[in-house]
Structure formats: structure tokens, C-alpha cells
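Before we start, here is the structure in question, set down as C-alpha cells.
The values are calculated or read from the model by the stated rules, or taken from the named source; none is laboratory data. Note that this is a predicted model, so its numbers are computed, not measured. Positions of Cβ are generated from backbone atoms using ideal geometry, with glycine treated the same way; all protein chains shown enter the neighbour counts. The protein model used for the area step is the full one, side chains on, heavy atoms only, and it has no ligands, DNA or RNA in it. Shrake-Rupley method; radii C 1.70, N 1.55, O 1.52, S 1.80 Å.
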Amino acid sequence: MSSPRKAFTLVELLVVIAIIGILVALLLPAVQAARESARRSSCTNNMKQIGLALHMHHDTYSHLPAGWEGFDASLRPWAMGPTGWAWAAKILPFLEQANVEKNLINYKLPVWDPANASARLHPIVTYRCPSDTGKALFYNEHHDADEQDGHDHDDVLEYATSNYVGVWGTTDTHECGELPAGAQCRGEGVFFHNSNLRFAEILDGLSQTFMVGERNSRLDYSTWVGTHTHIDCSPGRLVGSASYPPNSKHSDDHNFSSEHPAGTNFLLCDGSVRLISETIETAAYHALCTRANQDNVGNFLGGP
């Protein structure tokens, strides 16, 4: 007589499938968390490289780069004028991107000049957070008044995306578009119109002042390149305002934000990087985003 054939019953098979499903459900979040941890570490490393480049720029020129450059035809300060180049463009040689500056950028011409089209479209890996899923390029409207024919012209230009913006302060960057030529648009932070600050001018202390912060593409696109002319919100694509805590639901497009579940990365003036939660106290957050208010951050950054 042949022995009976051994096999799983239907109930046993369903139990095995259920167990496998539970294990997979437990494993996937752990894998995703591990991947996000790696992406956040890479983002932190990007910001440390940016911090090192900013320090090297300061060592070379005895000041930090301007948040963005803007002058009128008489070379008077004008926040919405040419050339528009941003702080992140000026540190490219210190990020091992000297070829980009040498071959693609003409600083004598405005950012929006056709001669700088290749630079506007050039992605810089160091300026992108791996956790951000936004596009590498985005469209930004350019509005220009032609003095020859007396008409306004609107152009839509593409810009390379960046997830790191300079710290402007706590006020609204839109105020820059309302200032006439001859007036410098100043923020309370480290980067603003024609800023060129020295570390000695950061009176609150290098370890107590934010220099650069994250912004994800879901909030708004930012760029490393520079500003458009005659667009009030253009400076907000280069610098960020701490009007609300990072990732706050009550936010504006020029705030700081990230795709990291635990918080938003910020680079301090001493070159260190900290992850800041959206639950940070407003007073401490504002103190960290201003350079010379002589306010006290206390022990908020005392931990590792």
C-alpha cells in the first residue's frame, strides 16, 4: 500500500500567508526608516560641505557672499536689479564646482541673460536633499521692462532646483520688491541683499546663529542660481524667513521645511548641522535665525 501524500491544508496555507504578510508589514517600515536615515545623513553631509565652502569663501575674501546681488544702472543698491547672482553660486569653486563657474557663468551679465542659460539649468548634486522628490528644474516667470520699445515682456525661464536657502531672518522678504533703487533690503539673518557679512558681525555667536536651512519642493521651489528682476517673491527662492517654525501648517512659501519626518536641517555659522523640530519654541527659533539681536538661545542647542 502506498503511503498517504503529505501536503498543507487550506487552513494551514492561509495561516502561513497571513504570517508572511505580517512579517512584510513589519519589515517594510523598518527598511523605509533605514533608507530615510541614510538620506538624512546624506543631506546633513551636503550642508556640512556648504558650511565648509562658506568658511573657505570667508577665509579667501574676508567676508561671506551676498545673499544676492542687485544694482541699478547707476550702481546704486536695488534689490530687484541685476546681476541677481546668489550666495550659492559664489561658493561653487569651494564645492569642487570651479568648472561650472569658469565655463558656464558670466557674473558680469544678469542671471536671466541668455549667455547664462546653461548655468541656470545646471543641477548641482550637493544642493539637492536626497529625501526631496521634486523636479530638478522648475519654471519661474521673468518680467522685464524694455526701455527701447516701452513695453513689458514676460518670459518663463527654467532654473535648477536647490533645497538649501540662506537664512534671511524673521521678516517678510516681499518687502524687498517695494523698495526703490538706492535702498538696500536688509534682513536680520546672515544672507540678504548685497550683504557680504563678516563673521565678526554675527554678534549672537557663530554657534548660536543659523546660516542655511532646508526647503522642500512641496512648499516651494528654490534655486542656487539667483533672482529674477521685478518679481517680489524672487529673493524668497534664495533665502528663507523664519516667520513660522519649520514645517509649520501656518507657513508661507518662503519658510523652511523638509521631507524628513523628524525635523528640518539647519547649518549654523560654526559649520555644524542640527535637526530642528517643528515644535521648537518660537522665541528660540527667532533667536537662532537672527545674527545680532543679542537674544539668548539658552540651552536649546546644548545636546548632541
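Is there a residue being at positive phi, open to solvent by 20 Å² or more (accessible area, probe 1.4 Å) and out of contact with any strand residue (DSSP E or B) (no Cβ under 8 Å at 6 or more places or on another chain) anywhere in segment 82-103?
Within segment 82-103, one or more residues are at positive phi, open to solvent by 20 Å² or more (accessible area, probe 1.4 Å) and out of contact with any strand residue (DSSP E or B) (no Cβ under 8 Å at 6 or more places or on another chain).
Which numbered condition trips up Ala66, out of (1) touching a residue at least 60 places away in the same chain (Cβ under 8 Å); (2) touching a Leu at 6+ places or on another chain (Cβ under 7 Å); (3) surrounded by fewer than 22 Cβ atoms within 10 Å (Cβ to Cβ)?
(2)
Please enumerate the residues belonging to segment 104-129 that are outside any loop (DSSP other than H, G, I, E, B) and either hydrophobic (A, V, I, L, M, F, W, C) or surrounded by 15 or more Cβ atoms within 10 Å (Cβ to Cβ) (or both).
Listed by number, the residues that qualify are Leu104, Ala115, Asn116, Ala117, Ala119, Arg120, Val125, Thr126, Tyr127.
Sort out which residues of segment 263-286 are touching a helix residue (DSSP H, G or I) at 6+ places or on another chain (Cβ under 8 Å) and either open to solvent by 10 Å² or more (accessible area, probe 1.4 Å) or of a type outside the set (A, V, I, L, M, F, W, C) (or both), and write them in order of number.
Result: Asn265, Asp270, Gly271, Ser272, Val273, Leu275.
Which numbered condition trips up Val165, out of (1) surrounded by fewer than 23 Cβ atoms within 10 Å (Cβ to Cβ); (2) within 30 Å of Ser74 (Cβ to Cβ); (3) of a type in the set (A, V, I, L, M, F, W, C); (4) touching a helix residue (DSSP H, G or I) at 6+ places or on another chain (Cβ under 9 Å)?
(1)
Follow-up question, since we're still on this one. Restricting to segment 76-90, name every residue that is of a type in the set (A, V, I, L, M) and at pLDDT 95 or above.
Ala86, Ala88, Ala89
Filter segment 42-61 down to the residues that are open to solvent by 70 Å² or more (accessible area, probe 1.4 Å) and of a type outside the set (A, V, I, L, M, F, W, C) and list them by number.
At the first step, the residues of segment 42-61 found to be open to solvent by 70 Å² or more (accessible area, probe 1.4 Å) are 45, 48-49, 52, 56, 59-61.
Passing the criteria: Asn45, Lys48, Gln49, Asp59, Thr60, Tyr61.
Among all residue pairs at least 6 apart or on different chains, which show Cβ distances below 7 Å where the first residue, located in segment 82-94, is part of a loop (DSSP other than H, G, I, E, B) and the second is open to solvent by less than 10 Å² (accessible area, probe 1.4 Å) and aliphatic (A, V, I, L, M)?
Filtered contacts from segment 82-94: Ile91/Ala53; Ile91/Leu54.
Let me ask you something else. Can you tell me which residue is surrounded by the fewest Cβ atoms within 10 Å (Cβ to Cβ) among those in segment 252-262 that are in contact with a Ser or Thr (Cβ under 6 Å, 6 or more places away or on another chain), within 15 Å of Val212 (Cα to Cα) and not small (Gly, Ala, Ser)?
His254
Only residues that are farther than 25 Å from Leu121 by Cα and open to solvent by less than 40 Å² (accessible area, probe 1.4 Å): list them for segment 185-210, please. If you could, list the steps in order and put the result at the bottom.
The first filter runs over segment 185-210 and keeps only residues farther than 25 Å from Leu121 by Cα, leaving 185-190, 195-210.
Passing the criteria: Cys185, Gly187, Gly189, Val190, Ser195, Leu197, Phe199, Ile202, Asp204, Gly205, Thr209, Phe210.
Let me ask something else. Look through Leu121, Leu109, Leu52 and report the one residue that is closer than 30 Å to Leu206 by Cα and in contact (Cβ under 8 Å) with a residue 24 or more places away in the chain.
Values: Leu121 fails: closer than 30 Å to Leu206 by Cα; Leu109 fails: closer than 30 Å to Leu206 by Cα.
Just one listed residue meets the conditions, Leu52.
On to the next question. Just a yes or no: is a residue in segment 240-251 closer than 26 Å to Ala292 by Cβ, in contact with a helix residue (DSSP H, G or I) (Cβ under 7 Å, 6 or more places away or on another chain), open to solvent by 10 Å² or more (accessible area, probe 1.4 Å) and not aromatic (Phe, Trp, Tyr)?
Yes: segment 240-251 contains one or more residues that are closer than 26 Å to Ala292 by Cβ, in contact with a helix residue (DSSP H, G or I) (Cβ under 7 Å, 6 or more places away or on another chain), open to solvent by 10 Å² or more (accessible area, probe 1.4 Å) and not aromatic (Phe, Trp, Tyr).
Still on this model: Being part of a strand (DSSP E or B) and modelled with pLDDT under 95 is true for just one of Val156, Val167. Which residue is that?
None of the other options fit; the residue is Val156.
Kindly provide the set of residues from segment 224-239 that are open to solvent by 10 Å² or more (accessible area, probe 1.4 Å) and either modelled with pLDDT under 80 or aromatic (Phe, Trp, Tyr) (or both), ordered by number.
Result: His230, Ile231, Asp232, Cys233.
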